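Novice: Before I ask anything, let me first share the structure, which is written out below as structure tokens.
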Amino acid sequence: MKTTYLTSLKAAFDPFSRTAIVPRLFLGLLPTNAHKSIQIKTTQLPRNSNQPALLELGFKDGKKMSYTWVEQSREEAKKADVKPATIQDIIAEVDKHARITGRKEELSG
């Protein structure tokens, strides 16, 4: 995962919830020196909190990506027919944005 164009990261989650898996994994995938170039803010929600898990990413060009995960039962998830974002989806979006931004920098000189 290319984090060179990532400038800010905000994560809020209940660490005991199933919805916290993706934000925790994303934080774990950051390089060890990421705190030097990325403004990282994490918030630990109280146990059994009703607030959704949140992951917001900010990039050098001003673009922001925001993801939320809400606790749902399996029946509700099947009825909604909407799949929540996975860690692979988020990594693909970050890499895609890094390639686009890098290409723009190359072309501008």
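The values are calculated or read from the model by the stated rules, or taken from the named source; none is laboratory data. Since the structure is predicted, the reported quantities are computational estimates derived from the model, not experimental observations. Backbone-built Cβ (ideal geometry, glycine too); neighbour counts: all protein chains shown. For the accessible areas, the whole protein counts, side chains as well, though only heavy atoms, and no ligand, DNA or RNA atoms are used. Shrake-Rupley method; radii C 1.70, N 1.55, O 1.52, S 1.80 Å.
Novice: Using only protein heavy atoms and a 1.4 Å probe, report how much of residue 108 is accessible, in Å² to the nearest 10.
Specialist: Residue 108 has an accessible surface of roughly 100 Å² with all protein chains in place.
Novice: For Rg and Dmax of the Cα atoms in Å, the choices are (1) 15.4, 53; (2) 12.6, 37; (3) 13.5, 41; which was calculated from the structure?
Specialist: (1)
Novice: Looking at 57, 15, 45, which one has the Cα that reaches farthest to the positive end of the dipole of the chain (charges on Cβ: Lys, Arg +1; Asp, Glu -1)?
Specialist: Positive-end residue among those listed: 57.
Novice: Would you please put 86-98, 29-41 in order of how densely packed they are, using the mean number of other Cβ atoms within 10 angstrom per residue and starting with the highest? Show your work: numbers first, answer last.
Specialist: On the way: 86-98: 14.8, 29-41: 11.7.
Peptide ranking by packing, descending: 86-98, 29-41.
Novice: Quick one: putting +1 on the C-beta of Lys and Arg, -1 on the C-beta of Asp and Glu, what dipole do you get for the range 6-108 around its Cα centre, in Debye to the nearest 20?
Specialist: 140 debye
Novice: Using the Karplus curve 6.51 cos²θ - 1.76 cosθ + 1.60 with θ = phi - 60°, work out ³J(HN,Hα) for each residue of the range 14-29 in order, rounded to whole Hz, and write x for Gly and Pro.
Specialist: 8, x, 9, 8, 5, 6, 7, 4, 5, x, 5, 5, 5, 4, x, 7
Novice: Counting other Cβ atoms within 10 Å of each Cβ, which chymotrypsin sites (Phe, Trp or Tyr not before Pro) in the range 4-109 have at most 15 and sit in a DSSP loop?
Specialist: Working: sites: 5, 13, 16, 26, 59, 67, 69; in loops: 5, 16.
In loop regions of the range 4-109 (DSSP not H, G, I, E or B), the sparsely surrounded chymotrypsin sites (Phe, Trp or Tyr not before Pro) are 16.
Novice: To continue, here is another question. For the range 6-108, what is the accessible area per residue in Å², given a 1.4 Å probe and the full set of protein chains?
Specialist: 70 Å²
Novice: Considering only protein heavy atoms and a probe of 1.4 Å, how much of the accessible area of the range 1-101 is carbon and sulfur, as a whole percent?
Specialist: 51 percent
Novice: Nearest 5 is fine: what % of DSSP beta bridges in the chain come out antiparallel, could you say?
Specialist: 65 percent
Novice: So for the chain, averaging the separation of alpha carbon pairs under 8 Å that are six or more residues apart and normalising by length, what relative contact order in percent results?
Specialist: Relative contact order of the chain: 34 percent.
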